[in-house]
Amino acid sequence: MKIRTLTLTTVLALGALVTGCSNDADSICDKHKECFNDNLDTGACAEGIDEWIEDGDKEEREDRVAECSRCIDDRTCAQVLESCIDDCFDIPR
């Protein structure tokens, strides 16, 4: 029983490391849903951001999405409104 639990824990931890807990688009969409739009389809939102990145200057847009994600990380909705407008303004949701 102990080996099975250890194996399961190891597999889950490795899976989290390989896939990452969340990407930047997911973080932005999750925060947008939490703060501004309870009905937001976060999957469609993240896909829209990913498409937006691909449709323009990819490197610059990836950087902008990363900056927005860093800004909103661990902030309340009020703090996001106060501090992250510049970093997140033009990113589609």
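The values are calculated or read from the model by the stated rules, or taken from the named source; none is laboratory data. Because the structure is a prediction, the values reported are computed rather than measured. Glycine also receives a Cβ, built like all others from the backbone with ideal geometry; neighbour counts cover every protein chain displayed.
At-a-glance table
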| quantity | calculated |
| --- | --- |
| Single residue of segment 38-61 satisfying the filter (among the charged types (D, E, K, R) and within 12 Å of the chain's Cα centre (by Cα)) that is nearest to ASP24 (Cα to Cα) | ASP50 |
| Count of residues meeting criterion [touching a Lys or Arg at 6+ places or on another chain (Cβ under 9 Å) and assigned to a helix (DSSP H, G or I)] in segment 34-67 | 7 |
| Residue that is nearest to the chain's Cα centre (by Cα) [pool: residues in segment 68-83 that are within 15 Å of ALA25 (Cα to Cα) and buried (at least 16 other Cβ atoms within 10 Å of the Cβ)] | SER69 |
| Residue count, segment 21-49 (criterion: of a type in the set (Asp, Glu) and surrounded by 16 or more Cβ atoms within 10 Å (Cβ to Cβ)) | 3 |
| Residue match in segment 50-59 (condition: basic (Lys, Arg), surrounded by 12 or more Cβ atoms within 10 Å (Cβ to Cβ) and at pLDDT 95 or above) | no |
